[in-house]
1. Just to be sure, is residue 96 more than 25 Å from residue 33 (Cα to Cα) and either in contact with a His (Cβ under 8 Å, 6 or more places away or on another chain) or outside any helix (DSSP H, G or I) (or both)?
2. Return yes or no: is residue 132 in contact (Cβ under 8 Å) with a residue 24 or more places away in the chain, open to solvent by 70 Å² or more (accessible area, probe 1.4 Å) and under 19 Å from the mean Cα position of the chain (by Cα)?
3. Residues to consider are 124, 105; find the one that is touching a residue at least 60 places away in the same chain (Cβ under 8 Å), of a type outside the set (Asp, Glu) and more than 16 Å from residue 22 (Cα to Cα).
4. Return yes or no: is residue 118 within 30 Å of residue 64 (Cα to Cα), in contact (Cβ under 8 Å) with a residue 12 or more places away in the chain and surrounded by fewer than 17 Cβ atoms within 10 Å (Cβ to Cβ)?
5. Do you know which residues across the stretch 75-86 are part of a helix (DSSP H, G or I) and touching a residue at least 40 places away in the same chain (Cβ under 8 Å)?
6. Within the stretch 111-167, can you find the residues that are under 21 Å from residue 184 (Cα atoms) and acidic (Asp, Glu)?
7. State the number of residues belonging to the stretch 142-159 that are exposed (fewer than 15 other Cβ atoms within 10 Å of the Cβ) and either in a strand (DSSP E or B) or more than 25 Å from the chain's Cα centre (by Cα) (or both).
8. Residue 56 fails exactly one of the following numbered conditions: (1) open to solvent by 30 Å² or more (accessible area, probe 1.4 Å); (2) on the phi > 0 side of the Ramachandran plot. What is the number of that condition?
Amino acid sequence: TSLSVRRRVAAGLGRTFQNLSLHEGMTPIDHVLVGAHRHVRYNTFAEMVRWPTVARAEREAVAMALDLLELLGLTEVARERADLLPYGLQKRVDVARALASRPRILMLDEPAAGLPHDEADALIDRVLTLTRSTGTSVMIIEHNVELVSRVCDQVRVLDAGQLIADARPAEILQDERVVEAYLGG
């Protein structure tokens, strides 16, 4: 849509991208705090004069960031440069940043791309555990049919931008159009 990123986040959409966009020099905590910025409540004047409410809000935000990083298994690297971490950990930082905005819908674009099978499964399992506890819906854009079949309740399949199937995973794998488009017949 034409909505700005700010409005999409305010509407409850959190997302990750297939290509990571971690900022050079920032730590995982920094990235999570960027994701959480809309929930930190104080105005510019309060920040300039450093009212106690500002320090309290910042302490609470850092505590939330650390909790989220712990749930995603990132405590050990919380203060290291995120752009220098192994790729699998960078993916987790990206997901943590998206979750920090407290979305109603979390959209993951190719979360398994570039990850070994076990690491992709572990990431998705952590995300689903977190989102189930908060009631967040998850939409996964993914070509890994095995992963999609394992974790999704409903699958919509597009081919050349057209919807060709919409069903439960077991039914999708039996659909001839899906098999032809994605599994090579």
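1. So residue 96 fails the test.
2. Criteria not met by residue 132.
3. Checking each option against the conditions leaves just 105.
4. It is false that residue 118 is within 30 Å of residue 64 (Cα to Cα), in contact (Cβ under 8 Å) with a residue 12 or more places away in the chain and surrounded by fewer than 17 Cβ atoms within 10 Å (Cβ to Cβ).
5. Once the filter is applied, which keeps residues that are part of a helix (DSSP H, G or I) and touching a residue at least 40 places away in the same chain (Cβ under 8 Å), the stretch 75-86 yields 77, 82, 83.
6. Listed by number, the residues that qualify are 142, 146, 159, 166.
7. Here the count works out to 3.
8. All conditions pass for residue 56, except number (2).
The values are calculated or read from the model by the stated rules, or taken from the named source; none is laboratory data. What you see is a predicted model; the values in this text were computed from it and never measured. When we count neighbours, we look across all protein chains shown, and the Cβ atoms used for this are built from the backbone with ideal geometry, even at glycine. These accessible areas exclude ligands, DNA and RNA; they are computed on the full protein's heavy atoms, side chains included. Shrake-Rupley method; radii C 1.70, N 1.55, O 1.52, S 1.80 Å.
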